[in-house]
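Trainee: So that we are looking at the same thing, I have put the structure below in structure tokens.
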Amino acid sequence: MDTIPASPVNGVTRARVLRWAAGLSLATTLPAGAAAAPMDQRRIPTSGESLPVIGCGTYVGFDHAPGSPEYGRLPGVLDALFAAGGSVLDSSPMYGRAEATTGELLGKRPAFVATKVWTSGRDAGIRQMETSMRLLGRPRIDLMQIHNLVDWRTHLATLRRWKDQGRVRHIGITHYTSSAYGEVEAVLRAEPLDFLQINYAFDDRDAAARLLPLAADRGVAVLVNRPFGGGGLLRRTRDLPLPGWAAEIGAASWAQVLLKFVLSHPAVTCAIPGTGRPEHMVDNAAAGRGPLPSPAFWADKAIG
């Protein structure tokens, strides 16, 4: 997800975005006016709280140890996210040391921190979630999700109790593959939830058929994982210029085009593209500002 191609539009290229981000003194390295434009926000139906529409996933990108070059870039990723008005960070125990890295680098800075439970059994789930809270340095988690619906009935009972106790603020479920959509739909219909995290992209639209409308009907906020699909579109567009219509929606890179596609669905609350590179975070976050097309805009559009 970090291999986003250079694509010129109105003189702006991926390379220029990289130069803007260099050094990460964002207030001075972004072009005039860019830092001042607020990131769009959307409401969480169950709590009424608003979230910025672009966050950051920590899969792969944050699975690095202190002292490595990759770890050394990560403070800049957080700086770029917050400077752009973002706040959402999503992790999981299955992402190696990503939770620990996030907690170390985030410290006490305010953020909307989401993670997951990914094990079977009540006691094992409690131990795992308490470990996540310790690693993330958060006595209360903004969003705790049941990862890929693993033992969801058991964990949902715990999460409802923890929400009543104030240990978690929102609860939800996740998946990343269309083969699980039947079960995801059944849980959404049967259980009151705050969030659904699901895959949705320009080349991966199955969630729009039933899950996204159902989430909207049920008052469930949606986090979109894998908003770049499997990465094939980015590889295919590596050497292609942006089409003229990209300027109409304020997109200066293919990554921004793809993120604006995701955000154009009214059921989507926030997209969480994963990255471990500050310059890519700057580029991704820019998709959360400026014009946003209607879903109908994409009917005749082709990418790659």
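Trainee: Please list the equivalent ellipsoid semi-axes of region 168-278, computed as the square roots of five times the alpha-carbon gyration tensor eigenvalues, in descending order and whole angstrom. Before the final figure, lay out the partial values.
Mentor: Working: eigenvalues 154, 37, 35 Å².
Each semi-axis is √(5λ); the values are 28, 14, 13 Å.
Trainee: Among the aspartates and glutamates, which have Cα under 12 Å from the Cα of residue 163 when same-chain residues fewer than 8 positions away are ignored?
Mentor: 142, 194
Trainee: Leaving out same-chain residues fewer than 8 places away, which lysines sit with a Cα under 17 Å from that of residue 301?
Mentor: Those lysines meeting the cut-off are 260.
Trainee: What residues have an amide H closer than 5 Å to that of residue 44, excluding those fewer than 5 places away on the same chain, when H is modeled at 1.01 Å from N in the peptide plane?
Mentor: 49, 50, 51
Trainee: Hey, another quick one. For region 155-222, go through all pairs of different Cα atoms, get the mean of 1/r, take its inverse, and jot down that Kirkwood value in Å.
Mentor: 12.5
Trainee: Grab the eigenvalues of the alpha-carbon gyration tensor for region 138-193, scale each by 5, take roots, and send me the semi-axes largest first in whole angstrom.
Mentor: Calculated on Cα positions only, the semi-axes equal 22, 11, 9 Å.
Trainee: Taking every eigenvalue of the Cα gyration tensor of region 44-176, multiplying by 5 and rooting it, what semi-axes result, largest first, whole Å?
Mentor: Square roots of five times the eigenvalues give 24, 18, 12 Å.
Trainee: To the nearest Å, what is the center-to-center distance of region 64-92 and region 257-304, using C-alpha atoms only?
Mentor: 20
Trainee: What's the long-distance tail for region 222-292, i.e. % of Cα pairs beyond 18 Å?
Mentor: Everything past 18 Å amounts to 35 percent.
Trainee: If you don't mind, another one. Quick one: the Cα spread of the chain along its three principal axes, in angstroms, biggest first?
Mentor: On the principal axes, the chain reaches 56, 45, 32 Å in Cα extent.
Trainee: Over the chain, what is the relative contact order in whole percent, taking alpha-carbon pairs under 8 Å and six or more residues apart?
Mentor: 27
Read-outs: derived from the displayed coordinates by stated rules, not from any lab. Nothing here was measured: the structure is a model prediction, and the numbers come from that model.
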